[in-house]
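Worksheet for the structure shown next.
The values are calculated or read from the model by the stated rules, or taken from the named source; none is laboratory data. Since the structure is predicted, the reported quantities are computational estimates derived from the model, not experimental observations. Positions of Cβ are generated from backbone atoms using ideal geometry, with glycine treated the same way; all protein chains shown enter the neighbour counts.
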């Protein structure tokens, strides 16, 4: 079966010093780019990680410090990787949880913001786990009836992943799937957008899964004491949680996304304050003097005329003013 592509789909696989996205480093990257016309392009690069490769990791992928001592650093090949991927969508096996976060971390570590906002992501493992729930080796045997030669070699693994996806499209064409809510669909389709939706059911915000979108497309924390709470709600209730995460041992891409939510939240709060700011009250003016009510002539009290003076009155006046 030929993939139905509107633009290239870049399958990629990483071998690394370990599985800690925040502290481990890439030692090998292999990219198989499937083109809309059916052609394929492959690029494989060994990378000097600048930290020692633990023996337990070397025993898995077969790459030792000696093998990469003369290899370029990620910073030296970052632009080459970006140019090879171009505008392609991204695919891989467990890529949403490991390969994409690890790749993003390496880009951010060298100061490059690799744009993934408008790309689709197809995690072949998610199709497999949701439909069959097995490993890549078992998936290759189950779907392709083959054994992987040179397993844990990046190029062998990524080619097996590519073949598994093609076999999955054949096997599950038209097959119904019922999700946890009882919704029935036929999700395994020969369309990258549809595969993106099916392999990203948890709708991660940051790929490391520290934040996810809920059913209402609201970003929520997905770990710790605030698990399930909207990110903006936590910003309101405990602003110091943002600083704790930004200073903590979290992947750079997780911090990058968290910082964007923080800035948007602060901006919205500032705009709300401007809208709600009360208008300045006008200065109080002195009350106008009230003009006295004109007195009506009829309201003036007239003195009663005194009666005629008699002898007693005259005597009282004389006694009052007589010389002592």
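Taking the stated definitions as given, is residue 119 assigned to a loop (DSSP other than H, G, I, E, B) and not assigned by TED's automatic domain parsing to the domain that holds residue 252?
It is true that residue 119 is assigned to a loop (DSSP other than H, G, I, E, B) and not assigned by TED's automatic domain parsing to the domain that holds residue 252.
Inside the stretch 104-118, can you point out the residues that are modelled with pLDDT of 95 or more and either over 27 Å from residue 51 (Cα atoms) or touching a strand residue (DSSP E or B) at 6+ places or on another chain (Cβ under 7 Å) (or both)?
106
Take the residues in the stretch 82-92 that are touching a residue at least 24 places away in the same chain (Cβ under 8 Å) and out of contact with any strand residue (DSSP E or B) (no Cβ under 7 Å at 6 or more places or on another chain), then tell me which one is nearest to residue 27 (Cα to Cα).
So, considering only residues that are touching a residue at least 24 places away in the same chain (Cβ under 8 Å) and out of contact with any strand residue (DSSP E or B) (no Cβ under 7 Å at 6 or more places or on another chain), the one nearest to residue 27 (Cα to Cα) is 82.
Suppose we filter 14, 45, 9, 5 for residues that are more than 30 Å from residue 210 (Cβ to Cβ), under 31 Å from the mean Cα position of the chain (by Cα) and in contact (Cβ under 8 Å) with a residue 12 or more places away in the chain; which single one remains? Please lay out each step first, then the result.
Values: 14 fails: more than 30 Å from residue 210 (Cβ to Cβ); 45 fails: more than 30 Å from residue 210 (Cβ to Cβ); 9 fails: more than 30 Å from residue 210 (Cβ to Cβ).
Step by step, each of 14, 45, 9, 5 is checked, and only 5 is more than 30 Å from residue 210 (Cβ to Cβ), under 31 Å from the mean Cα position of the chain (by Cα) and in contact (Cβ under 8 Å) with a residue 12 or more places away in the chain.
Given the conditions (1) closer than 23 Å to residue 252 by Cβ; (2) loosely packed, with under 13 Cβ neighbours inside 10 Å; (3) in contact with a strand residue (DSSP E or B) (Cβ under 8 Å, 6 or more places away or on another chain), report the number of the one that residue 70 does not fulfil.
(1)
How many residues does the stretch 210-243 contain that are under 10 Å from the mean Cα position of the chain (by Cα), surrounded by fewer than 18 Cβ atoms within 10 Å (Cβ to Cβ) and either at pLDDT below 90 or not in a loop (DSSP other than H, G, I, E, B) (or both)?
Qualifying residue count for the region: 1.
Can you tell which of 193, 106, 163 is part of a helix (DSSP H, G or I), closer than 27 Å to residue 72 by Cβ and either touching a residue at least 24 places away in the same chain (Cβ under 8 Å) or not assigned by TED's automatic domain parsing to the domain that holds residue 256 (or both)?
Just a single option satisfies the conditions, and that option is 106.
What about residue 150, is it out of contact with any helix residue (DSSP H, G or I) (no Cβ under 8 Å at 6 or more places or on another chain), in the same structural domain as residue 43 (by TED's automatic domain parsing) and free of Cβ contacts under 8 Å to residues at least 12 places away in the same chain?
Judged against the criteria, residue 150 is not a match.
Among the numbered criteria (1) modelled with pLDDT under 95; (2) surrounded by fewer than 23 Cβ atoms within 10 Å (Cβ to Cβ); (3) more than 17 Å from the chain's Cα centre (by Cα), which one does residue 81 miss?
(1)
Would you say residue 154 is over 30 Å from residue 58 (Cα atoms), over 29 Å from the mean Cα position of the chain (by Cα) and crowded, with 16+ Cβ neighbours inside 10 Å?
Values: over 30 Å from residue 58 (Cα atoms): no; over 29 Å from the mean Cα position of the chain (by Cα): yes; crowded, with 16+ Cβ neighbours inside 10 Å: yes.
Spelling it out, it is not the case that residue 154 is over 30 Å from residue 58 (Cα atoms), over 29 Å from the mean Cα position of the chain (by Cα) and crowded, with 16+ Cβ neighbours inside 10 Å.
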